[in-house]
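A.B. asks: Shown below is the structure under consideration.
The values are calculated or read from the model by the stated rules, or taken from the named source; none is laboratory data. All figures in this text were calculated on a predicted structure; none of them were measured in a lab. Here the Cβ is made from the backbone with ideal geometry for all residues, glycine too, and neighbour counts use every protein chain on show. Side chains included, ligands, DNA and RNA excluded: accessible areas come from the protein's heavy atoms. Shrake-Rupley method; radii C 1.70, N 1.55, O 1.52, S 1.80 Å.
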Amino acid sequence: MSSASIHDEIHGGNAAACLEVAVALPVWGTFTYRTHTGLLSSAVPGRRVLVPFGTRRVTGYVLGPAKAVPANELKAILDVLDDEPLFTADLIPFFRWIADYYIYPIGEVIRGALPGGLNLYEFNQYAITEKACQLPDTTDLSELEKAVLDCLREGACRLKDLSTHLERPVPGRLLQAMERCGWVQRKKTLLGGRTRPKQEKLVHLLHRSIPGERMTPRRQQILSYLEHHGDTPLHTLRRVVPRATAIVGGMASRGFVDVRESVAYRDPFGDPILPEQAPELTREQRQALDGIHQAGARGFAPILLEGVTGSGKTEIYLHLVADAIARQKTALVLVPEIALISQMERRFRARFGEKVAVLHSGLSAGERLDQWMRILHRETPIVIGARSAIFAPQRNVGLIVVDEEHDPSYKQDTHLRYNARDLAVVRAKHSRCAVILGSATPSVQTYHNAQTGRFVHIEMTRRVTPQPLPEVDIVDLSPVRSERGLRKHLTPELITALGQTLERGEQALLFLNRRGYANYPHCTSCGEPVRCRNCSITLTYHRNANAYRCHYCGHSRAANQPCENCGAATLWHFGFGTEKLEEAVERLFPAARIARMDRDTTRRKGSLLRILKNLQQGAIDILIGTQMVAKGHDFPNITLVGIVCADTALNLPDFRSSERTFQLLAQVAGRAGRGERPGRVILQTYTPGHFTITAARKQAFHAFYEKEIQHRRSLGYPPYSRMVQLLVSGKNRGATRHFAETLGVAGRDWLQNDRAWKNQITLLGPVEAALHQVAGRFRWQLLLKGTQPSTLNRFTRELLQAVGPPRGPEAVKVIIDVDPQAMM
Ligand SMILES: [Zn+2]
Ligand SMILES: [Zn+2]
């Protein structure tokens, strides 16, 4: 709702000016405040306000007008904190939906959605008031007061700048006194991180020849360069033609060329991104586009775009985004990983230039705020981002794309536990537009929706490059189980294939989804494993750091300490991680250039891109990596993929472990042979007969799905049910268990005594979580299963309300996880 209509509603209705405000605190519901007329015009939806709450003053977000209540019962808004709204009014119903569905305080939903660090970029500005402008000349003002008011007449400014302008210190006390007199008013203003993109001069050809103008050899040279290369940055021309700046200047004044300031975009590797035209689509791509257009013609349409790895889904996205923009709409593209965002950004910049904004956690707080403001000011109709970009303040959304929709990183696992893929469908529904969920290995949930007709299903079965999908050879690890050293993990087949690949001068990728050196270090004397002191798991030995580390809480312990159980000095580094694999491969192929890509080697900003660049430039022969390498990267020169152990995730106590394993294996296999030469995959496994492995071998998603869905149906797991997980955690073992049991008893009681609940909801647990201690907190789980999300939601709310919050000094916490992904 616009500010004008609130104004009308309030004044036209002759009601008190009441506003609905969400406060940034963990409290349920929204609150009504009144505003005095001075603030009324500025308290519009999307702005932050300062409100009294209990005995505190807290930040709130204006959601809109509230039903009028007798004004004397209401507290008043103290101040409006922003000059302009921070989010658009059309996001408000979306925020309400999220708060309701995920059972999370709406003020916290909004706070999490807004770019972090807002307060870092908040400044007090002073402005002159109407009253001060009309002060009679006879008013008794000090010289400094006069100077301040004169200065402010030319525009609002910060205290610091006032002192600079007046060339003497201006005390804050003076401004506060003047504020009390009503001569100046204080406003909070946001300044971004000043990350404007770099500008450069772009030379554009206007006329090949101009009558009466001489054609010198240098001019000739510049004209033909422009003819061949199109618009060219001036600094590029300077490299090609001596004295280009002066010559181009002369040519511009005579009308040969036109020089304009343009934003210089660089790809993540630092190379300039040059504008490009859309390539010719394949027949299959055209059919896919037609299908999407038909489905999306009627407004809201959720569409699964299932295309094998390398089938050119990104080109489809580019076309759809171009269509949306042609219809004066905006488009939102979600990508699961920062490294992939750079890739996606490059292709979108080449096509759409400055129409693109990016939002992800790799940006500094200032950069993020800057991007947010550009989107809000409608400077960029296209937004590309990771999961949190689902909250981008775009108006008039005409298309949402979720690339690699199966990726688990769309689910946030802290604070508000939302799934950005699911929210994309909700936001598309609110915006009445199409949402494209793209994947080569769709999630079982999404595919089930397509099968049952809730989603439109569009398929692409062929790669755009001439290469077919790679051959996958399955190699059984069981015969080498009793070998020692690296022969236990690298079969002769894989070693031979690696050697051949190196001989041909091609690149290989080795995938092992376990970082560190050894994940099961234990004592040679008493056999006791090295455990984390905060979590219920063993530590992983990291050779480079010479330390044991916990992958859950970050606890680190120096490696030269004796066994904590018996004091023996030697520990055995059992288990196999990427560091040990790297060492083994170095020993086998001493001449090969080997790089490792996992969370340990990519922690520093830019390090991941450096690895990708080296790979692209052929400076790496063998890349070793964890699941990071499985995520949709385009590695054109990799012809051999070795999956070192396919089973690492297969036996986790989680009903999605088969699905996750299939997706990982099929995605990793899909990295092979994307360029000119065919690819080959060697998949090592202890369970060659497992249906997940045999299906992944052929990237046979459908075969995998048929089997998996039967299993889910028989156990009543999603998509045949919905789940809510209640995770109870606390530092005191007894208190945690006690609260979990209290919840369990109360829940069972309800289910027994109320037939309506009983028929619709199953309560499992409480049980100790598979990871029963993390970061020093004990963990218990309860699982609620049902078919109706609304019933589950109501039951969860009422149960928690009836039991009440955990009491006592032990600080037990209950986390509500709606549609949980990880069951550990
Ligand atoms: Zn020991
Ligand atoms: Zn730990």
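A.B. asks: Does at least one position in the stretch 384-391 carry a residue that is free of Cβ contacts under 8 Å to residues at least 60 places away in the same chain and either assigned to a loop (DSSP other than H, G, I, E, B) or in contact with a Ser or Thr (Cβ under 6 Å, 6 or more places away or on another chain) (or both)?
C.D. replies: The answer is yes; a qualifying residue exists.
A.B. asks: When you go through 711, 772, 738 one by one, which is the residue that is surrounded by fewer than 20 Cβ atoms within 10 Å (Cβ to Cβ), of a type outside the set (A, V, I, L, M) and outside any helix (DSSP H, G or I)? Spell out the reasoning first.
C.D. replies: Details: 711 fails: outside any helix (DSSP H, G or I); 738 fails: outside any helix (DSSP H, G or I).
After applying the criteria, what remains is 772.
A.B. asks: Please count how many residues of the stretch 674-706 are farther than 22 Å from residue 450 by Cα, outside any loop (DSSP other than H, G, I, E, B) and within 31 Å of the chain's Cα centre (by Cα).
C.D. replies: Qualifying residue count for the region: 4.
A.B. asks: Of the residues 762, 692, 687, only one is of a type in the set (Ser, Thr, Tyr), at pLDDT below 95 and over 30 Å from residue 670 (Cα atoms); which? Step through it out loud before you land on a result.
C.D. replies: Working: 692 fails: over 30 Å from residue 670 (Cα atoms); 687 fails: over 30 Å from residue 670 (Cα atoms).
The conditions single out 762.
A.B. asks: Output the residues belonging to the stretch 321-333 that are touching a residue at least 12 places away in the same chain (Cβ under 8 Å) and open to solvent by 10 Å² or more (accessible area, probe 1.4 Å).
C.D. replies: Step one: list which residues in the stretch 321-333 are touching a residue at least 12 places away in the same chain (Cβ under 8 Å), which gives 321-325, 327-333.
Matches in the stretch 321-333: 322, 323, 325, 327, 328, 329, 330.
A.B. asks: Scan the stretch 122-155 residue by residue and report those that are crowded, with 17+ Cβ neighbours inside 10 Å and under 39 Å from the mean Cα position of the chain (by Cα).
C.D. replies: Those that are crowded, with 17+ Cβ neighbours inside 10 Å and under 39 Å from the mean Cα position of the chain (by Cα): 125, 126.
A.B. asks: Something else: Could you say whether any residue in the stretch 650-657 is free of Cβ contacts under 8 Å to residues at least 12 places away in the same chain, within 18 Å of residue 443 (Cβ to Cβ), open to solvent by 10 Å² or more (accessible area, probe 1.4 Å) and not basic (Lys, Arg)? Walk me through it before giving the result.
C.D. replies: Restricting attention to the stretch 650-657, the residues satisfying the condition of being free of Cβ contacts under 8 Å to residues at least 12 places away in the same chain are 651, 657.
After this cut, where a residue has to be within 18 Å of residue 443 (Cβ to Cβ) as well, the list is 657.
Pick out the ones that are also open to solvent by 10 Å² or more (accessible area, probe 1.4 Å) and you get 657.
Filter once more, keeping what is not basic (Lys, Arg): 657.
So far as the stretch 650-657 goes, yes, one or more of its residues are free of Cβ contacts under 8 Å to residues at least 12 places away in the same chain, within 18 Å of residue 443 (Cβ to Cβ), open to solvent by 10 Å² or more (accessible area, probe 1.4 Å) and not basic (Lys, Arg).
A.B. asks: Taking the condition part of a loop (DSSP other than H, G, I, E, B), open to solvent by 40 Å² or more (accessible area, probe 1.4 Å), closer than 27 Å to residue 609 by Cα and in contact (Cβ under 8 Å) with a residue 60 or more places away in the chain, does residue 336 pass? Break it down stepwise before answering.
C.D. replies: On the way: part of a loop (DSSP other than H, G, I, E, B): yes; open to solvent by 40 Å² or more (accessible area, probe 1.4 Å): no; closer than 27 Å to residue 609 by Cα: yes; in contact (Cβ under 8 Å) with a residue 60 or more places away in the chain: yes.
For residue 336, the condition - part of a loop (DSSP other than H, G, I, E, B), open to solvent by 40 Å² or more (accessible area, probe 1.4 Å), closer than 27 Å to residue 609 by Cα and in contact (Cβ under 8 Å) with a residue 60 or more places away in the chain - is not met.
A.B. asks: Also, quick follow-up: Contact list please: Cβ distance under 7 Å, first residue in the stretch 177-195 and at pLDDT 65 or above and part of a loop (DSSP other than H, G, I, E, B), second residue of a type outside the set (S, T, N, Q) and open to solvent by 40 Å² or more (accessible area, probe 1.4 Å), pairs at least six apart or on different chains.
C.D. replies: Pairs found: 182/131; 183/131.
A.B. asks: Out of the stretch 493-513, which residues are touching a residue at least 60 places away in the same chain (Cβ under 8 Å) and among the hydroxyl-bearing types (Ser, Thr, Tyr)?
C.D. replies: Once the filter is applied, which keeps residues that are touching a residue at least 60 places away in the same chain (Cβ under 8 Å) and among the hydroxyl-bearing types (Ser, Thr, Tyr), the stretch 493-513 yields only 501.
A.B. asks: Give the residue, chosen from 70, 65, that is out of contact with any Lys or Arg (no Cβ under 8 Å at 6 or more places or on another chain), open to solvent by 30 Å² or more (accessible area, probe 1.4 Å) and either of a type in the set (D, E, K, R) or more than 29 Å from residue 390 (Cα to Cα) (or both). Working first, answer last.
C.D. replies: On the way: 65 fails: either of a type in the set (D, E, K, R) or more than 29 Å from residue 390 (Cα to Cα) (or both).
After ruling out the rest, the residue left standing is 70.
A.B. asks: Do we have any residue at all in the stretch 531-539 that's at negative phi, at pLDDT 85 or above and away from ligand 2 (no atom under 16 Å from the Cβ)?
C.D. replies: no
A.B. asks: Something else about it: For residues in the stretch 77-98 being in contact with a Pro (Cβ under 8 Å, 6 or more places away or on another chain) and outside any loop (DSSP other than H, G, I, E, B), which is most open to solvent (accessible area, probe 1.4 Å)? Show your work before the answer.
C.D. replies: Initially, the stretch 77-98 is screened for residues in contact with a Pro (Cβ under 8 Å, 6 or more places away or on another chain), giving 78, 85-89, 91-92.
Narrowing the set further to residues that are outside any loop (DSSP other than H, G, I, E, B) leaves 89, 91-92.
Numbers: 89: 32, 91: 3, 92: 9 Å².
Here the answer is 89.
A.B. asks: Could you run through the stretch 567-592 and say how many residues are over 30 Å from residue 505 (Cα atoms) and either away from ligand 1 (no atom under 16 Å from the Cβ) or surrounded by 13 or more Cβ atoms within 10 Å (Cβ to Cβ) (or both)? Explain how you work it out, then say what you get.
C.D. replies: Just the residues of the stretch 567-592 that are over 30 Å from residue 505 (Cα atoms), to begin with: 567-575.
The next check asks that each one be either away from ligand 1 (no atom under 16 Å from the Cβ) or surrounded by 13 or more Cβ atoms within 10 Å (Cβ to Cβ) (or both); those that pass are 568, 571-575.
The total comes to 6.
A.B. asks: Kindly establish whether residue 618 is over 28 Å from the mean Cα position of the chain (by Cα), open to solvent by 10 Å² or more (accessible area, probe 1.4 Å) and at positive phi. Full working, then the answer.
C.D. replies: Values: over 28 Å from the mean Cα position of the chain (by Cα): yes; open to solvent by 10 Å² or more (accessible area, probe 1.4 Å): yes; at positive phi: yes.
Yes; evaluated as a whole, the condition is true for this residue.
A.B. asks: Continuing with the same structure: Just the residues that are open to solvent by 40 Å² or more (accessible area, probe 1.4 Å) and closer than 19 Å to residue 781 by Cβ, please, taken from the stretch 796-805. Steps first, answer last, please.
C.D. replies: Step one: list which residues in the stretch 796-805 are open to solvent by 40 Å² or more (accessible area, probe 1.4 Å), which gives 797-798, 801-802, 805.
Listed by number, the residues that qualify are 797, 805.
A.B. asks: Are any residues in the stretch 551-566 open to solvent by 40 Å² or more (accessible area, probe 1.4 Å), away from ligand 1 (no atom under 16 Å from the Cβ) and in a loop (DSSP other than H, G, I, E, B), and if so, which ones? Can you show your working first?
C.D. replies: Of the stretch 551-566, the ones open to solvent by 40 Å² or more (accessible area, probe 1.4 Å) are 551-554, 556, 558, 560-562, 564-566.
After this cut, where a residue has to be away from ligand 1 (no atom under 16 Å from the Cβ) as well, the list is 551-554, 556, 558.
Listed by number, the residues that qualify are 551, 552, 553, 554.
A.B. asks: Can you say whether residue 548 is open to solvent by less than 50 Å² (accessible area, probe 1.4 Å) and either free of Cβ contacts under 8 Å to residues at least 40 places away in the same chain or within 16 Å of ligand 2 (Cβ to nearest atom) (or both), as far as the supplied structure shows?
C.D. replies: On the way: open to solvent by less than 50 Å² (accessible area, probe 1.4 Å): yes; either free of Cβ contacts under 8 Å to residues at least 40 places away in the same chain or within 16 Å of ligand 2 (Cβ to nearest atom) (or both): yes.
Yes, satisfied.
A.B. asks: Only one residue in 631, 613 is of a type outside the set (Asp, Glu) and touching a Phe, Trp or Tyr at 6+ places or on another chain (Cβ under 6 Å), so which one is that? Can you show your working first?
C.D. replies: Values: 631 fails: touching a Phe, Trp or Tyr at 6+ places or on another chain (Cβ under 6 Å).
After ruling out the rest, the residue left standing is 613.
A.B. asks: Which count do you get for residues in the stretch 154-164 that are closer than 15 Å to residue 127 by Cα and either among the β-branched types (Val, Ile, Thr) or not in a loop (DSSP other than H, G, I, E, B) (or both)? Talk me through it step by step, then tell me what you get.
C.D. replies: First, pick out the residues of the stretch 154-164 that are closer than 15 Å to residue 127 by Cα: 154-163.
If we keep only those that are either among the β-branched types (Val, Ile, Thr) or not in a loop (DSSP other than H, G, I, E, B) (or both) as well, we get 157, 159-163.
So the count comes out to 6.
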